[in-house]
Amino acid sequence: MADIKEECRRIFSNNRRKVRDLQYTVPSPSAYPYQWLWDSCFHAIILVHFKTGDAKKEILSLLSKQFQNGMIPHMIYWKKYKKTNFPRIKWGKEETSTITQPPMLAFAVWQIFQKEKDKLFLRSVYPHLYHFYRYLLTERDPHENHLIGIMNSDESGEDNSPRFDLPLGLPPVQTLKENIKRRLKLVAQNIECKFDAPFCMRNFFWVKDISFNSIMVANLAFLAKLAGELGNSEDAAYFIKVAEDISSAMRQFMREDGVFYSTYGEEYKKIKVKTWAIFAPLFAKILKPQEAKQLVNRHLLNKKEFWTNFPIPTTSLDEPSFDPQGYWRGPTWIATNWFVYKGLLNYGFRDIAEEIKKSSTGLIQKSGFREYFNPQTGEGLGAENFTWGGLVIDMDGFGTINE
Ligand code: GLC
């Protein structure tokens, strides 16, 4: 682990960028040379293990580009566009994208606060967090059914996951090019509908995603704790209540035979594709202990589904869409392992969590800080010098809901 920590420090220092008095980290200098929302939350979680000041800066740069309506964009370009490997996308705005990503901010700020108890920092970021989560709770839930909607699969952070094939109108076997074409169309439609999220979701992509909603529930719990630290008990009670509302709606609309599925359309049709996200409810502690046990035994530890040589594949082996090299359609990613690791600890599955940690660490030792890994051979794939590998440093039991 000492070697991994050293390598992680080196990557973070090479990937660090400064603009005026702001600072952020690029996920990979060659493949992802900008700032991304959930990446920066992961970065802050990792940086707390090195220098809390850098973790705070990572958050502050994100917040500085918050939209008037509370949304925080998932990409910030910062510097004038130069030709890079990353395709230029017409978002309808110059400096940022016009969609968001899973709301990991409250969790990241909670980790930072736990380290230093800096109330001044907390006071300065809290209004931004409040407005971001309020945006999701209102604009993204126009029917008040207590499920948060996404308007592009990119908002889940898992761009081409087979969870979104049905709403994108694509077959289980497809090319990345076909998938990107559909997502770019959604970007253009978002511009056409003047970034009106309820309108856009209703007309083009009405999806309630399991991991997005699970991440929301867990983060609302941490946001309530943050509000409590500032003596704001009214906000704290509100965030706890809405987290409970989302949890019950997830149980009502998403659950079948003990498994949660994302839904699409206004009738909440279940998208019955097993991806790692079936374990995301563990992170949010939405399951009862007996249900969690069943889920883990039936699916996570099942060699025909998720228990590969290098778990956890992002898509179950028995899905027709499974592709061990297919980006979010099979490979193991360290961030998804981190979510499951924390989720397992929420339910006291220490030994299995330890195995995930060992296997994640093993992947980095074998193949380096790569973007994702073949779940059968452990081969490193995608971007190099990719920051997310640093999350293994945070696989330490800290930051569970029980805390
Ligand atoms: C890819 C990933 C997304 C991530 C981004 C930057 O688009 O799918 O989750 O935020 O790269 O690393």
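The values are calculated or read from the model by the stated rules, or taken from the named source; none is laboratory data. All values derive from a computational prediction rather than experimental measurement. Counting neighbours? That spans all protein chains shown, and the Cβs are built from the backbone with ideal geometry, glycine included. Areas reflect the complete protein model, heavy atoms only, side chains present, ligands, DNA and RNA absent. Shrake-Rupley method; radii C 1.70, N 1.55, O 1.52, S 1.80 Å.
Counting heavy atoms of the protein chains alone, Val48 has an accessible area of about 10 Å² for a 1.4 Å probe. Per atom type, the chain shows carbon and sulfur on 50% of its accessible surface, probed at 1.4 Å.
Toward the positive end of the charge dipole of region 2-394, with +1 on the Cβ of Lys and Arg and -1 on the Cβ of Asp and Glu, the farthest Cα among Ala197, Leu60, Gln376 is that of Leu60. The solvent-accessible area of Glu178, taken with every protein chain present and a 1.4 Å probe, is close to 90 Å². Computed over protein heavy atoms with a 1.4 angstrom probe, the accessible surface ordering of Arg350, Arg134, largest first, is Arg350, Arg134. Within the assembled protein chains, the solvent-accessible surface assigned to Glu267 is about 120 Å², based on a 1.4 Å probe.
Around the amide H of Arg255, modelled in the peptide plane, lie the amide H atoms of Tyr261, all under 5 Å away and 5 or more residues distant in sequence or on another chain.
Using a probe of 1.4 angstrom and keeping all protein chains present, the accessible surface of region 2-394 works out to 39 square angstrom per residue. Normalised radius of gyration (Cα atoms, divided by 2.2 N^0.38 Å) for region 177-286: 1.25.
Got a sec? What order do Arg298, Arg20 fall in by accessible area at 1.4 Å, biggest, i.e. largest, first?
Arg20, Arg298
For region 308-338 versus region 21-54, the inter-centroid distance based on Cα atoms is 24 Å. Only Cα sites of the chain enter the Debye sum here, all with the same form factor; the resulting log10 I(q)/I(0) across q = 0.07, 0.10 1/Å is -0.28, -0.60, listed in q order.
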